[in-house]
Each structure stands twice: as C-alpha cells, then as structure tokens.
Amino acid sequence: MSANWIVVPAAGQGRRFGEILPKQYQLLAGKTVIEHTLERLLQIDQSVVVVAINPADSQWRRLPVFSHPRIRTVHGGKERPDSVRLALDCLQREAHVDDWVLVHDVARPCIRVTDINKLMDALKTHTVGGILAVPVSDTVKRVDQQAGISATVSRADLWLAQTPQMFRYGLLSWSLNSAYRQQWQPTDEAAAVEKLGHSPLVVEGSRDNIKITRREDLAIAEAIIKFQGESPRQSGELELP
C-alpha cells in the first residue's frame, strides 16, 4: 500500500516564527526546511507530491527540488485547511474517490520514512484513515483567564496530533469543503473528518517529528537530524534529476 497523492501545505507566512523569510525557507543543516521535508516524502514510491504555495512566493521556483518530476505546484490559500482543500480541488479530474491522500506539514522536516510506512501499513484495512500522534507525557493544566490553574487534566487518553495524516480522497475533500461552506477552520485534517462523525485511527509516531514553529525550533530540528544519524537513503536524501 502507498499513498496515491501527498499534499504539502506550504503557503503560510510563519507569523509566529518572527522572520521576514517564511520558516519553510530557513536554512536547516545546509538546506531549506522545505527541501528536507520533500526529500523525505519523495521516498514514498510512485506518489505524486502536490505543494501548495503562496501566490506571492518568490523563493519556491529557485530550489532544485521544484523541478522534480513527481512534484506539482498549486496556489494555496490564506489558512492551512484552505491550502489542502485547493490542492485537492486541483486533483479532482485525476484522483479517484478511494485514492489515499497523505497530508504533511512542510514544517516537519524530521519525519521518519519508517513512521510514514508504519502509518500506511496500519491503514490498509481501515475504513476511514488516520494520523500519526504521540501520547502526552507532561502534566496538563487547565488555566483560567487570569493565568491561574483551574484544574489538572488527566493525560491518560490524551495524544498530540502530528502529520502525516492520511485519508481517502473523497472523504477528505468532502470534509474540508464542508468546513469551508460552514466557515469553520479545522486545525488538522482529522478534525474535519471527525466533524462528519468519523473516528480516525491513531498510530503512534516518534517524538522527534517536531513542528518548527519558533526560531529556536530550528536548532532543535538540526540536533534531531544529526541524532537520527541515518544514511542518505534512510533519512530521505534524494538525488534530484
């Protein structure tokens, strides 16, 4: 089993990152963040990778990975779910309703290819789809508007959602378009699918699959990449044409 399509929303401007240059174009271990991410995703054989880019983006076409034969570019939207929805809309003449679509954050460059394969294997017979996630290990506090602790929340059944998240094309497209019509912004694909009454599967991933959100996360990601210590093929390094 493999994903037929991989969607990478990369139209964000990284407002929380605090830099003029979006986080996907920040240098990380000698390459941009987006290059690390795409090189790992391209390890999924035969999948077409659709990258949703901001229409005003002036950096994307300068990267060697832009010309890879299995990468397509579409214009993304204002928010992340808009970019995913628009990418899916561009595939409507090619994608079958039962095709698998894998969606991955551009700002998660440390994703292990083994974890992607683990997710796909776990979903072989699942009727809905699922996500990578890790169980919460820290103590969770509920805080009021005055920054006071109002409760300590049990973490027994709490998980932190990651990407990739993988669903059938028809279900995912319908879910995101339904959210758009309702003027609701789901925080991830699973939330949109859940809204329709479905229960996605949770597959345990790795804690080093961090999302780069703030400047200091770059240093953490670089340390993780070095720590993973994988060979070029394992880590997702790909020789570009």
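The values are calculated or read from the model by the stated rules, or taken from the named source; none is laboratory data. As the structure is a computational prediction, the values presented were derived from the model and not from experiment. Here the Cβ positions follow ideal geometry from the backbone for every residue, glycine too, while neighbour counts run over all protein chains shown. Just so you know, the surface numbers come from the protein's heavy atoms only, side chains and all, with ligands and any DNA or RNA stripped out. Shrake-Rupley method; radii C 1.70, N 1.55, O 1.52, S 1.80 Å.
Some notes on this structure:
- Considering only beta bridges that DSSP places wholly inside the stretch 1-144, some 10 percent are antiparallel.
- Kirkwood Rh in Å, taken over the stretch 116-179 so that all alpha-carbon pairs contribute: 14.5
- Cleavage-rule hits, trypsin sites (Lys or Arg not before Pro), the stretch 54-144, DSSP coil, Cβ neighbours within 10 Å at most 13: 78, 93, 124
- Rolling a 1.4 angstrom probe over the protein heavy atoms with all chains in place gives the stretch 1-94 an accessible area of 47 Å² per residue.
- The Cβ shell under 12 Å around residue 48 holds other residues with a net charge of -1, Lys and Arg each +1, Asp and Glu each -1.
- Local electrostatic count, residue 195, Cβ distance below 15 Å [Lys/Arg +1, Asp/Glu -1]: -1
- Near-label residues of the stretch 67-89 by backbone N, under 19 Å of a point 7 Å along Cα→Cβ of residue 181: 81-89
- For the stretch 9-105, a simple Cβ point-charge model (Lys and Arg +1, Asp and Glu -1, everything else neutral) yields a dipole of about 360 debye relative to the Cα centre.
- Diffusion coefficient of the stretch 84-241 by Stokes-Einstein, Kirkwood radius over Cα pairs, 20 °C, 1.002 mPa s: 121 µm²/s.
- Beta bridges by DSSP in the chain, antiparallel share as percent, to the nearest 5: 45
- Distance from the stretch 165-201 to the stretch 204-220 (C-alpha centre basis), Å: 25
- Accessible heavy-atom area order of 105, 138, 89, highest first, probe of 1.4 Å: 138, 89, 105
- The chain, accessible surface, carbon-and-sulfur percent (1.4 angstrom probe): 49
- Residue separation of residue 125 and residue 59 scaled by 0.36 nm, minus their Cα-Cα distance, works out to 19.8 nm of gained length.
- Two-site label geometry, residue 75 and residue 226: point separation in nm, points 7 Å out along Cα→Cβ: 4.2
- Other residues whose C-beta falls under 10 angstrom from the C-beta of residue 80 contribute a net charge of -3, scoring Lys and Arg +1 and Asp and Glu -1.
- Where only DSSP H runs of four or more residues are counted, the chain gives -8000 deg cm²/dmol as its mean residue ellipticity at 222 nm, each run worth -39500 (n - 2.57).
- Global dimensions of the stretch 1-159 from alpha-carbon coordinates: Rg and Dmax equal 18.0, 53 Å.
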